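S.K.: Below is the structure I would like to discuss, written out as structure tokens.
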Amino acid sequence: MGAIAVHEFVSLDGVFEDPSWTFEFGFDPDMGDDIGRITRTSDAILLGRRTFEMFAPAWSPRTADDDPGAPFFNDSPKGVVSSTLDDQTAERTWRNSRSLGAYDAERIRAFADEFSGGVYISGSGSLVRALLADGLVDSLHLFVYPLVRGTGARLFPEGSAPAKLRLRHHDAYDNGVLHLHYTAA
């Protein structure tokens, strides 16, 4: 079974929406190393439609010279959870992409099981919330920024199902961000 690993940027109060607020903290090189370790253990990428539409134009023109993560993002198979995107449009938008259709837990598990190294997810908050509710997230990497947003979509909104997690690893970066790696308890 392919594991599903999630990476999210969140504020102290759990807001993940429009992470442009992360820019003021810069990007600590150690964060890049840790995200690189997460992607190196993955064979594929899973994205929601909105994140796919943001990532495709940002990553597709990049090369390894521009960013060491570019080969992973551009060359890996990508599954897009969307009821409106078809395979042809997905592939034209960003190579190695295919539509998995609307959210279906069994279809997503089958996609992940195609890849022994597992699947990587970045962003895609609505998708991640559904995966968490269905118990499909094997590894949750939260990069917690030292600010309170007050408003915005939260990763764990009011009414989320209770869950217990086990802290597997943590890092603190010079920019004040914490990396908290959780698995199911």
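S.K.: I'm checking my understanding of the structure. Among residues of region 22-56 that are over 12 Å from the mean Cα position of the chain (by Cα) and polar (S, T, N, Q), which one is most open to solvent (accessible area, probe 1.4 Å)?
M.R.: The residue in question is T41.
S.K.: Return only the number of the condition from (1) surrounded by 14 or more Cβ atoms within 10 Å (Cβ to Cβ); (2) charged (D, E, K, R); (3) over 25 Å from D171 (Cα atoms); (4) within 17 Å of the chain's Cα centre (by Cα) that R62 does not satisfy.
M.R.: Result: R62 fails condition (4) only.
S.K.: Could you check region 8-21 and list, in sequence order, the residues that are within 14 Å of the chain's Cα centre (by Cα), crowded, with 21+ Cβ neighbours inside 10 Å and part of a strand (DSSP E or B)? Before the answer, list the steps.
M.R.: Filtering region 8-21 for residues within 14 Å of the chain's Cα centre (by Cα) gives 8-10, 16-19.
Okay, now just the ones that are also crowded, with 21+ Cβ neighbours inside 10 Å, so 10, 16.
Residue satisfying the conditions is V10 alone.
S.K.: I would also like to ask the following. Filter region 106-162 for residues that are closer than 14 Å to D18 by Cα and in a helix (DSSP H, G or I); which is least open to solvent (accessible area, probe 1.4 Å)?
M.R.: Looking at residues that are closer than 14 Å to D18 by Cα and in a helix (DSSP H, G or I), I get G125.
S.K.: To continue, here is another question. Suppose the filter is assigned to a helix (DSSP H, G or I) and of a type in the set (A, V, I, L, M); does L100 pass it? Lay out the reasoning, then the answer.
M.R.: On the way: assigned to a helix (DSSP H, G or I): no; of a type in the set (A, V, I, L, M): yes.
No.
S.K.: What pairs can you find where one residue is in region 11-38 and of a type in the set (S, T, N, Q), the other is in a helix (DSSP H, G or I), and their Cβ atoms are less than 8 Å apart, with a gap of 6+ or different chains?
M.R.: Pairs that qualify, where the first residue is of a type in the set (S, T, N, Q) and the partner is in a helix (DSSP H, G or I), are S11/W21.
S.K.: Which count do you get for residues in region 51-67 that are in contact (Cβ under 8 Å) with a residue 12 or more places away in the chain, assigned to a loop (DSSP other than H, G, I, E, B) and not small (G, A, S)?
M.R.: Here the count works out to 1.
S.K.: Kindly provide the set of residues from region 170-185 that are within 19 Å of L132 (Cα to Cα) and open to solvent by 80 Å² or more (accessible area, probe 1.4 Å), ordered by number. Reasoning before the result, please.
M.R.: Start the filter on region 170-185 by keeping residues that are within 19 Å of L132 (Cα to Cα), which leaves 179-185.
Scanning region 170-185 gives a single hit, A185.
S.K.: Give me the residue from region 68-92 that is surrounded by 15 or more Cβ atoms within 10 Å (Cβ to Cβ) and without any contact (Cβ under 8 Å) to a residue 24 or more places away in the chain and, out of that set, nearest to R49 (Cα to Cα). Talk me through it step by step, then tell me what you get.
M.R.: We begin by selecting, within region 68-92, every residue surrounded by 15 or more Cβ atoms within 10 Å (Cβ to Cβ); these are 69-70, 72-74, 76-82, 85, 90.
Right, trim to without any contact (Cβ under 8 Å) to a residue 24 or more places away in the chain and you get 70, 74.
On the way: A70: 20, N74: 16 Å.
Ranking the candidates gives N74 first.
S.K.: A further question follows. Taking the stated definitions as given, is A102 exposed (fewer than 13 other Cβ atoms within 10 Å of the Cβ) and modelled with pLDDT of 95 or more? Before you say what the answer is, go through the steps one by one.
M.R.: Working: exposed (fewer than 13 other Cβ atoms within 10 Å of the Cβ): yes; modelled with pLDDT of 95 or more: yes.
Answer is yes for this residue.
S.K.: Condition test on R95, is it closer than 22 Å to S76 by Cβ, open to solvent by 70 Å² or more (accessible area, probe 1.4 Å) and outside any loop (DSSP other than H, G, I, E, B)?
M.R.: Against the criterion (closer than 22 Å to S76 by Cβ, open to solvent by 70 Å² or more (accessible area, probe 1.4 Å) and outside any loop (DSSP other than H, G, I, E, B)), R95 does not qualify.
S.K.: For region 1-40, give me the residue count where each residue is charged (D, E, K, R) and either modelled with pLDDT under 90 or over 17 Å from L180 (Cα atoms) (or both).
M.R.: If we filter region 1-40 for residues that are charged (D, E, K, R), which is where we start, we get 8, 13, 17-18, 24, 28, 30, 33-34, 37, 40.
Going one step further and asking which of them are either modelled with pLDDT under 90 or over 17 Å from L180 (Cα atoms) (or both), we end up with 17-18, 24, 40.
Counting residues in region 1-40 that are charged (D, E, K, R) and either modelled with pLDDT under 90 or over 17 Å from L180 (Cα atoms) (or both) gives 4.
The values are calculated or read from the model by the stated rules, or taken from the named source; none is laboratory data. Source: prediction; values computed, not measured. All Cβ positions, glycine included, derive from the backbone under ideal geometry; neighbour counts span all protein chains shown. The accessibility values were calculated without ligands, DNA or RNA, using every heavy atom of the protein model including side chains. Shrake-Rupley method; radii C 1.70, N 1.55, O 1.52, S 1.80 Å.
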